[in-house]
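Everything below concerns the one structure shown next.
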């Protein structure tokens, strides 16, 4: 039987559009209760037994035998050796991608990551001090596939932010280390690395063990167990986000070659069966052409079974009344990446409010952003772009308010603070402000 990928066809003019649209978008983010309980047990065990628990789970889940957790540490020399051993084409591509990612995040730091202060008319200094986190942990997936790009996107902004120590964890099932991942760690400035993964790696980073140092924040995607573990350790450490399945939304006016758009839909669908790929377009004939290209191109794709399952289960080709309506629907979806595949992308960009990243023009494929364009590919999923931002330098910094009140300022501000404090019934607050009115020392 021929494998088929037939995304759901919808039209905004249809009377049942709203119900069908909402049903197709729905994704249950609730973690399975069995996974939650298993993760809770693993976290508690690692917190109690440290290295021994991490070793036990690494043997059980990754089939990786070691006498000690220290034996699973990756020496910086091994990372450099992996980099030196890469074929020239891979080494050059990795360095070029890293340069672009670093350049973008350095510009981001200059724009939003500097300390500042000013003095008001009373001589009081007010400002903000920006400091990097001391130590962060980055989780790099290593189960079904290897992701050197995840190393670059997590470690480089941390390095640019000035983080003192970057600790990488990456599962290596049966001890199979990916040279490109190790090389990326070398290029990106990873300080320490361990070949451990899963909830046990998250626990080791959050709580610390005799071998793995406790970190201040954990970033990076993983499976359901990793996501559940990150959710549970939040508060003990910071986290970047709870990531859902991969997504792509293509907003097309019908001017882009349909095979380009079909392949862009494939590029997210091939991640996993729950990934979501959606096309919004006011040209019904063009949507038909994209479907024909899907049919033509699918058989040649190595991950065609995953693509087909994704497009059949969660994909959609939506016919809109016009591009303005397409932009409005895009804002409702708030996609992870949004491609504006149009002759006039700058015309539509002002209408687009909610997206993790906006890719403008037919030549700007989302895959370029995944690897080497420069902006971060760790993006908010499942509609959270309505209130969340891509991973960046600011995720690895914290801000402290600076306040230095002059004597004149204390006289001006003291009565205000005292009046409000008495109103709240907090006499010590009020008196602390009033004492400064006496002008001592």
**Request:** Write down the percent of antiparallel bridges among all DSSP beta bridges whose residues are both part of region 33-239, to the nearest 5.
**Result:** 30
**For 339, 366, 95, 424, order by how many other beta-carbon atoms lie within 10 Å, fewest first** = 424, 95, 366, 339
**Request:** Mind jotting down the three principal axis lengths of the chain based on Cα atoms? Whole angstrom, largest first.
**Result:** 87, 60, 46
**Message:** Sort 365, 115 by Cβ crowding within 10 Å, fewest neighbours at the top.
**Reply:** 115, 365
**Fill in**
Taking Cα atoms, the helix 51-62 axis meets the longest principal axis of the chain at an angle in degrees (rounded to 10) of 10
**Request:** Measure nothing fancy, just the Cα-based angle from helix 284-297's long axis to the longest principal axis of the chain, in degrees from 0 to 90, nearest 10.
**Result:** 80
**Asked** Using alpha carbons only, how many degrees (0 to 90, rounded to 10) separate the axis of helix 179-188 from the longest principal axis of the chain?
**Response** 40
**Item:** Mean ellipticity per residue at 222 nm, deg cm²/dmol - from DSSP H runs of n ≥ 4 across the chain, formula -39500 (n - 2.57)
**Value:** -14000 deg cm²/dmol
**Request:** Enter the Cα centre distance for the pair region 387-441 and region 337-356, rounded to the nearest angstrom.
**Result:** 43
**Candidates 373, 14, 284, ranked by Gaussian network fluctuation over the chain, Cα under 10 Å, top entry** = 14
**Request:** Classify region 81-207 as rounded, prolate or oblate, taking a ≥ b ≥ c as the square roots of the eigenvalues of its Cα gyration tensor: rounded when a/c is under 1.5, otherwise prolate if a/b is larger than b/c and oblate if not.
**Result:** oblate
**Request:** Among DSSP beta bridges whose residues both lie in the chain, state the antiparallel percentage, nearest 5.
**Result:** 30
**Asked** Rounded if a/c is under 1.5, else prolate if a/b is larger than b/c, else oblate: which is region 92-165, with a ≥ b ≥ c the root eigenvalues of its Cα gyration tensor?
**Response** prolate
**Message:** For a quick check: sort 41, 283 by the number of other beta carbons within 10 angstrom, fewest at the front.
**Reply:** 41, 283
**Message:** Can you tell me how region 266-389 classifies by the Cα gyration tensor, rounded, prolate or oblate, using a/c under 1.5 as the rounded cut?
**Reply:** oblate
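Any read-out appearing in this document is the output of simple, stated calculations on the displayed coordinates, not a laboratory observation. Note that the structure is predicted; figures quoted are calculated from it, not measured. When we count neighbours, we look across all protein chains shown, and the Cβ atoms used for this are built from the backbone with ideal geometry, even at glycine.
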